[in-house]
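Read the structure below first, then the notes.
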Amino acid sequence: MSTRPSVYRTASEVAEARAQMSRQGESLAFVPTMGFLHRGHLSLIAEARRRCRRTAVSIFVNPLQFGPSEDLARYPRDLEGDIDKCAGAGADLIFCPTVEELYPPGFQTQVEVTELSKGLCGEHRPGHFRGVATVVLKLFNLLSPDAAIFGEKDYQQLSIVRQMARDLGLRLEIVGCPIVREDDGLAMSSRNSGLDPSERRQATSLYRALGVARHRFAAGERDPSVLTATAIEVMAQAGARPEYAELRDGRTLQTVNQAERGQRLLVAAHVGRTRLIDNVEL
Ligand code: AMP
């Protein structure tokens, strides 16, 4: 039987709880989330538990990473359900601050990972990754984790956090975990809850598009623009509105001239009012 996790709402309380753990010599693995938890998040908590003695989860819908045209208010929330899921997954500590707690009046500092934030989602969501880097660094500072666990679902985000940790000399390990999918391949996402039944069917086209492109690569196609055009076509034919399909170096996220194994194929598309992303390794 796991005990209920401790739930903290203020920065000072959670920092003190972490200090107490440190005094007892306990290591901490941290899973930052925006809540409305699903099995993808739970896989990160499981990885956190494998890595450290204690596990912390943050649940915070970060307004800094939403653009003015993006509907922050529409983001799904279920704090009580999330706390139960964290308890079931064996998390020890939950940090669920209010917006005012993390960004009190007068807050004005932001962190920008300049190059990696350009292109892909960064091109379509200006300021998004600045908001991500800022909240992640603030959470790292409050929780002083030994490891932080992120999903490859948000591949550009994972690359940006790794870069930030390297550039700023953060003393923690950044761990990436594979994408958890529904049976039909759709990458799990809190945003999937906003899809109606016909949109839910269209949403499967992202993973299908990646699969078709990967198939063409396996059959010998090496031109990145052919592979990405294939992916765009599959999504568009299903009724999704593709935003991008791109082939990038798996480590640097640089564009590539020739398709090779180990590179990353990334897509984004709108389905109804919902924006979805996915990626696979070539
Ligand atoms: P979010 O709550 O969407 O901000 O996601 C919090 C963390 O969970 C991020 O590191 C995501 O990459 C990760 N995540 C979200 N969906 C999945 C998934 N389907 N599989 C694995 N990790 C995921």
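The values are calculated or read from the model by the stated rules, or taken from the named source; none is laboratory data. Just so it is clear, the structure is predicted and the values come from calculations on it, not from any experiment. Counting neighbours? That spans all protein chains shown, and the Cβs are built from the backbone with ideal geometry, glycine included. Accessible surface areas use protein heavy atoms only, side chains included; no ligands, DNA or RNA. Shrake-Rupley method; radii C 1.70, N 1.55, O 1.52, S 1.80 Å.
Per residue, how large is the accessible surface of the chain? Use a 1.4 angstrom probe and give square angstrom.
It amounts to 48 Å² per residue over the chain.
Please arrange VAL256, VAL175 by accessible surface area, largest first, computed with a 1.4 Å probe and ligands excluded.
VAL256, VAL175
Give me the angle, in degrees from 0 to 90, between the Cα long axis of helix 128-143 and the longest principal axis of the Cα atoms of the chain, rounded to the nearest 10.
Helix 128-143 sits at roughly 30 degrees to that axis.
Could you list the trypsin sites (Lys or Arg not before Pro) in the stretch 182-267 that lie in coil according to DSSP, counting only those with at most 10 other Cβ atoms within 10 Å of their Cβ?
Taking the stretch 182-267 and a limit of 10 other Cβ atoms within 10 Å, the loop trypsin sites (Lys or Arg not before Pro) found are ARG261.
Based on Cβ point charges of +1 for Lys and Arg and -1 for Asp and Glu, what charge dipole magnitude is obtained for the chain about its Cα centre, in debye rounded to the nearest 20?
With Lys and Arg at +1 and Asp and Glu at -1, about 380 debye.
DSSP loop trypsin sites (Lys or Arg not before Pro) in the stretch 1-79 with at most 16 other Cβ atoms within 10 Å of their Cβ, which ones? Intermediate values should be presented prior to the final figure.
Values: sites: ARG9, ARG18, ARG23, ARG39, ARG49, ARG50, ARG51, ARG53, ARG54, ARG74, ARG77; in loops: ARG9, ARG53, ARG77.
When the trypsin sites (Lys or Arg not before Pro) of the stretch 1-79 are filtered for loop state and at most 16 Cβ neighbours within 10 Å, ARG9, ARG53, ARG77 remain.
Quick one: helix 224-237 against the long Cα principal axis of the chain, what's the angle to the nearest 10°, folded into 0 to 90?
Taking the Cα atoms of the chain, the angle to 224-237 is about 80 degrees.
At 1.567 mPa s and 4 °C, plugging the Kirkwood radius over alpha-carbon pairs of the stretch 30-181 into Stokes-Einstein gives what diffusion coefficient in µm²/s?
Details: Rh = 15.8 Å.
For these conditions, the coefficient is 82 µm²/s.
Equivalent-ellipsoid semi-axes (√(5λ), Cα gyration tensor) for the stretch 1-106, whole Å, largest first?
They are 24, 18, 11 Å, listed from largest to smallest.
Percent antiparallel among DSSP beta bridges with both residues in the chain, to the nearest 5? Don't skip to the end; give the middle numbers.
On the way: 17 of 36 bridges.
Roughly 45 percent of the DSSP beta bridges within the chain come out antiparallel.
Give the Debye-formula value of log10 I(q)/I(0) at each listed q (0.08, 0.13, 0.16 Å⁻¹), with one equal scatterer per alpha carbon of the chain, two decimals each.
-0.34, -0.90, -1.32
For the stretch 1-154, what does the relative contact order come out to in percent, with C-alpha contacts under 8 Å and a separation of six or more?
About 37 percent, as a whole number.
Below 9 angstrom from the Cβ of ALA238, what's the summed charge of the other residues (Lys, Arg +1; Asp, Glu -1)?
Spelling it out: positives minus negatives among the neighbours equals +2.
With springs only between Cα atoms under 10 Å, which of ALA87, ALA219, ALA48 fluctuates most in a Gaussian network model of the chain?
Result for the chain, Cα springs under 10 Å: ALA219 fluctuates most.
Classify the stretch 176-282 as rounded, prolate or oblate, taking a ≥ b ≥ c as the square roots of the eigenvalues of its Cα gyration tensor: rounded when a/c is under 1.5, otherwise prolate if a/b is larger than b/c and oblate if not.
prolate
In degrees between 0 and 90, to the nearest 10, how far off the longest principal axis of the chain does helix 79-89 point, with axes built from Cα atoms?
Helix 79-89 sits at roughly 90 degrees to that axis.
Please quote Rg/Rh for the stretch 138-220 to two decimal places, taking the Kirkwood radius as Rh and restricting both calculations to Cα atoms.
Expressed as Rg/Rh, it is 1.11.
Let me cross-check VAL61: its accessible surface, 1.4 Å probe, with only protein heavy atoms counted, in Å² to the nearest 10?
Using a 1.4 Å probe on the heavy atoms, I get roughly 20 Å².
Before anything else, pin down the relative contact order of the chain: Cα pairs under 8 Å, at least 6 apart, normalised by residue count, whole percent. Can you show the working numbers first?
Details: 517 pairs, mean separation 48.1, N = 282.
Dividing the mean separation by the residue count of the chain yields 17 percent.
Principal axis lengths of the stretch 130-173 from Cα atoms, whole Å, largest first?
24, 19, 18
In deg cm²/dmol, rounded to 500, what helix-only [θ] at 222 nm does the chain give when every DSSP H run of at least 4 residues adds -39500 (n - 2.57) and the total is split over its residues? Mind dumping the intermediate values first?
On the way: 10 runs with 110 residues, N = 282.
Using -39500 (n - 2.57) per qualifying helix, the result is -12000 deg cm²/dmol.
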